[in-house]
Amino acid sequence: MLFTSLRKRRVLVVEDDYLQASDMAAALEVHGSSVVGPFPSVEDGIRAVDDGIEAAILDIRLDNDLVYAVADVLRSRNLPFIFVTGYDDVVPDRFQRVRRVMKPCRPDAAVLTLAVAIAEHRTSH
């Protein structure tokens, strides 16, 4: 039932690991989402927000950069998103309540977490 929140939804994926990004994109498509990306950089992710996205999966560490600038843009537009990370990152206070999935993870775990975040977002707005 939760996965129905993903149908016909444009989901941005910002992830610099090609295999992880491809697997997440495939898992989203299985559940009816249209994937925007995947993009490996903060700059590409910010530009993609203007492409009519409705939700996002963001890897926190992208090479030597952090994805928080993309998250700030998403939050300013009131769009749901989650973080995935392979590190025990220190998440800024402003993002402490954002759902996170620790890598390595199965792509379906990230997709399920995003579906939960979308459902919570709907009920809180």
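Numbers for the structure displayed
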{"quantity": "Virtual paramagnetic centre 7 Å along Cα→Cβ of Val30, amide N under 12 Å, in region 106-125", "calculated": "106-112"}
{"quantity": "Efficiency of FRET between Ser22 and Arg94 - r from beta-carbon atoms, R0 22 angstrom, step 0.05", "calculated": "0.15"}
{"quantity": "Burial ordering of Ile57, Ile118, Ile46, fewest other beta-carbon atoms within 10 Å first", "calculated": "Ile46, Ile118, Ile57"}
{"quantity": "Most mobile listed residue (Arg47, Arg75, Arg94) in the chain, GNM with C-alpha springs under 10 Å", "calculated": "Arg94"}
{"quantity": "³J(HN,Hα) computed for each position of region 30-35 - Karplus, 6.51 cos²θ - 1.76 cosθ + 1.60, integer Hz, glycine/proline x", "calculated": "4, 8, x, 7, 9, 8"}
{"quantity": "Over the chain, relative contact order from alpha-carbon pairs under 8 Å, at least 6 apart, %", "calculated": "26 percent"}
{"quantity": "Pairwise centroid distance, computed over Cα atoms, of region 13-30 with region 96-125, Å", "calculated": "15 Å"}
{"quantity": "Order of Thr113, Thr123, Thr4 - criterion: other Cβ atoms within 10 Å of each residue's Cβ, fewest first", "calculated": "Thr123, Thr4, Thr113"}
{"quantity": "Top of Ala71, Ala56, Ala48 by mean-square fluctuation, Gaussian network on the chain, Cα under 10 Å", "calculated": "Ala48"}
{"quantity": "Simple Cβ-charge dipole of the chain, Lys/Arg +1 and Asp/Glu -1, about Cα centre, in debye nearest 20", "calculated": "680 debye"}
{"quantity": "Distance cut-off 26 Å, percentage of C-alpha pairs in the chain lying past it", "calculated": "8 percent"}
{"quantity": "Computed lengthening from Asp72 to Thr123, 0.36 nm per intervening residue step minus Cα-Cα distance", "calculated": "16.3 nm"}
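Every number here is computed from the coordinates shown, using simple stated rules; none is lab data. Bear in mind the structure is a predicted one, so any value in this text is a computation, not a measurement. As a convention, Cβ positions derive from the backbone with ideal geometry for all residues, glycine included, and neighbour counts pool all protein chains shown.
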